[in-house]
Amino acid sequence: MTGYDDDPDGFGEDRDGFGDERDGFREDRDGFNDERDDFGAERDRFGEERDGFQDEHDGFGDGHGALGDGVERTFAALPPARGRGFAQTWWGQAWLKALEDTALDSGQVKAGRRLARAGAVGAVSVRPGRITAVVHDPDRTAHRADVLLDPLTDTQWDRFVDMAVQRSGHVAALLDREMPTHLVEDAATAGIELLPGMGDLVPECDCGDWDHCGHTAALCYQMARLLDQDPFVLLLLRGRGERALLEALQAHGTAPAERTAAAPEGVAAEAVWATGRSLPELPAPPVLPAEPGTPPSLDTETAPPPEVDPAALSFLASRTAAEALRLLGDALDPGHGQRPPEAEPTVAQDAVRLAAESSDPVVTDRLAHGSGRGREAFATAVCAWRHGGSDGLSVLEEEWTVAGETLARARAALDAAWEEDERPSLRARANRWTVTGAPLQIRLGRDGGWWPYRKERGRWVPAGGAAQDPATALASAALASATLAPGDEPEP
């Protein structure tokens, strides 16, 4: 690296006094730490005269170097980035990902992030193939950091312009300071990689590190903030300034010579209002079929691949058709719009649902194994689903504390369910009331229903669907317990 003499002719001519000190700075580079106060004084003088070198907008330099035409742009040092991320846009994040994927030492990346966040990165110069800035260590030692990215070839730029003019949204997005994913994807299809990838960001720093150091990493983090504001900065780094690119697009007859807002898409409001009364009626709701559709047969002469089980696939297809019919029936129900949407079932819950709809023991065993439950626990869950669907399964698996207004309503229902001399002795725990001396239990669901349970082989199992009052639920449990299995002793 040769220092600032790499800059294009004229870059330093507008910086009063800066170019005069350049040779002395380069010659004394080995003793840079001893001379950094003199260099800092010159850098401060350069900052004072920056207003004559570039224009500012929204805190970002929008001017060009002495070469003009967007060949080089210099951006003022940004304030510290405390309390905010460095990349808010997806293309800024892609830039940082290229840094993080390239750097061998994640500690240096973190050090660079700390430096950038503290505002230690000076003015950033962007030109084709290179970005440059002075980065200060915590002890105020200054280092020149450069990051190189290969510019696109003239042939690649021609292909990019041809691609961009074929889709007007590309040009409009760039003028709005945006870089949509479809622009980058279309460019990649044309063989043009706009965003850097792993290994594309090449570091150079006078600190002597050959890999990304904290200084080049800090420069990359600062660059991400610039890219957030203006994706044309990336295109300049790739070899074309904004003015040159817009002129090329204009030469193809599709881009404006100046920045103009894209024409709004859609239909004018007055046109919609004028036709509002002439819109056609909505089509009639579909008729609910009497039964689910029949999936196509998998009985073919071709043997299935080893990983495909035709019987299991046929079962899933038939159950999917049945579930689609159920969902259509719910959607056609007059009260559908007033009900909250159903929660998406978990894999374990869906396994229970499928088993509840099957009579094939092979299928049930496979679902039990995949659900993570034991065979008996899975059979109990299937029983709960058959009695009450997802609500029944929830009552089986959830034990929750009844409190407040819900507890008051539950006690009132229990008091009103029996005459004083007929009321059974109940022992309460959470949402479960167990009959003393009998293998019977009632459970309160979160929907206010009472669910009957009986004890079978030491396990509480559902004995029926939900009832509106506890007496009916307990009667259902007693009826189911009339065939109490041997060994099921009543609770004391």
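The values are calculated or read from the model by the stated rules, or taken from the named source; none is laboratory data. Keep in mind that this is a model prediction, so the values were computed, not measured. So basically every Cβ, Gly included, is an ideal-geometry build from the backbone, and we count neighbours across all protein chains shown. We work out accessible area using only protein heavy atoms, side chains counted, and drop any ligands, DNA or RNA first. Shrake-Rupley method; radii C 1.70, N 1.55, O 1.52, S 1.80 Å.
Data overview
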quantity: Selection count where residues are closer than 17 Å to P80 by Cβ, at pLDDT 90 or above and of a type in the set (A, V, I, L, M, F, W, C), scope the stretch 117-145; calculated: 7
quantity: Verdict on R177 being outside any strand (DSSP E or B), out of contact with any Leu (no Cβ under 6 Å at 6 or more places or on another chain) and open to solvent by 60 Å² or more (accessible area, probe 1.4 Å); calculated: no
quantity: Count of residues meeting criterion [under 26 Å from A377 (Cα atoms), over 29 Å from the mean Cα position of the chain (by Cα) and of a type in the set (A, V, I, L, M, F, W, C)] in the stretch 318-366; calculated: 7
quantity: Of all residues in the stretch 209-219 being in contact with a strand residue (DSSP E or B) (Cβ under 6 Å, 6 or more places away or on another chain) and either at positive phi or not in a loop (DSSP other than H, G, I, E, B) (or both), the one that is surrounded by the fewest Cβ atoms within 10 Å (Cβ to Cβ); calculated: A218
quantity: Residues of the stretch 362-421 satisfying the condition of being over 23 Å from L327 (Cα atoms), in a helix (DSSP H, G or I), among the charged types (D, E, K, R) and in contact with a Lys or Arg (Cβ under 9 Å, 6 or more places away or on another chain); calculated: D365, E376, D415
quantity: Of residues in the stretch 143-159 being surrounded by 20 or more Cβ atoms within 10 Å (Cβ to Cβ) and more than 35 Å from the chain's Cα centre (by Cα), the one farthest from A244 (Cα to Cα); calculated: H143
quantity: Tally, over the stretch 145-168, of residues that are part of a helix (DSSP H, G or I) and in contact (Cβ under 8 Å) with a residue 24 or more places away in the chain; calculated: 10
quantity: Conditions (1) of a type in the set (S, T, N, Q); (2) under 26 Å from P286 (Cα atoms); (3) exposed (fewer than 13 other Cβ atoms within 10 Å of the Cβ): number failed by S318; calculated: (3)
quantity: Cβ pairs under 9 Å, 6+ apart, first in the stretch 326-339 and of a type in the set (D, E, K, R), second open to solvent by less than 60 Å² (accessible area, probe 1.4 Å); calculated: R326/P292; R339/D330
quantity: Selected residue (only one of V363, V382 is out of contact with any strand residue (DSSP E or B) (no Cβ under 7 Å at 6 or more places or on another chain) and open to solvent by less than 20 Å² (accessible area, probe 1.4 Å)); calculated: V382
quantity: Per-region count, the stretch 444-473, residues surrounded by fewer than 24 Cβ atoms within 10 Å (Cβ to Cβ), basic (K, R) and in a strand (DSSP E or B); calculated: 2
quantity: Candidate set: the stretch 110-142, residues that are open to solvent by 10 Å² or more (accessible area, probe 1.4 Å) and in a helix (DSSP H, G or I); chosen: the one nearest to D186 (Cα to Cα); calculated: R113
